[in-house]
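The values are calculated or read from the model by the stated rules, or taken from the named source; none is laboratory data. Nothing here was measured: the structure is a model prediction, and the numbers come from that model. Positions of Cβ are backbone-derived with ideal geometry, glycine not excepted, and every protein chain shown enters the neighbour counts. Side chains are part of the model used for accessible areas, which takes the heavy atoms of the whole protein and leaves out ligands, DNA and RNA. Shrake-Rupley method; radii C 1.70, N 1.55, O 1.52, S 1.80 Å.
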Amino acid sequence: MRVGTTAFMLQLDTLIEYLEEKRDSRFPHEASAIKADLDLNTEIQGLVSALPYRPDFAHLAALNRSHQHFMVHWRKLESLCTVWEGRGEIDSETWKAEKMEIETIIDEIETAVPQDSEEVHDRTYY
């Protein structure tokens, strides 16, 4: 597990797991799949809304990146959450575009740790 406040890092890890689940899911054709997708969106939205209020959030950054760089991708995730709000069914082209965006977001935020954590300071930079 990554370093940081345990509860915070667990929430961040859960968010990444949800995003990976969404990225890896199939296009929702049936009513049950559409409902499952909407439920997953709700879980993601809840974490995206809650995490910025945690103290460790203000220091998140990936290796060799700034918090500002992290925030560019976090804002993209917030934007996706806004799009999902109140949306029902989705067409396949929009679905594909969102999955690509999710992949980019995951790549940028999955290695983020609070910048003042020992894990960041212990890494060797080449």
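Considering only residues of the range 83-110 that are in a loop (DSSP other than H, G, I, E, B) and surrounded by 15 or more Cβ atoms within 10 Å (Cβ to Cβ), which is modelled with the lowest pLDDT?
Initial filter on the range 83-110 (in a loop (DSSP other than H, G, I, E, B)): 85-91, 110.
Within this subset, residues satisfying the condition of being surrounded by 15 or more Cβ atoms within 10 Å (Cβ to Cβ) are 90, 110.
On the way: ILE90: 80, GLU110: 89.
The selected residue is ILE90.
For every residue, the table says whether it meets (1) farther than 16 Å from GLN115 by Cα; (2) open to solvent by 50 Å² or more (accessible area, probe 1.4 Å); (3) modelled with pLDDT under 90.
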site	(1), (2), (3)
MET9	no, no, yes
ILE16	yes, no, no
GLU20	yes, yes, no
ARG26	yes, yes, yes
ALA31	yes, yes, yes
VAL48	yes, no, no
PRO55	no, yes, yes
MET71	no, no, no
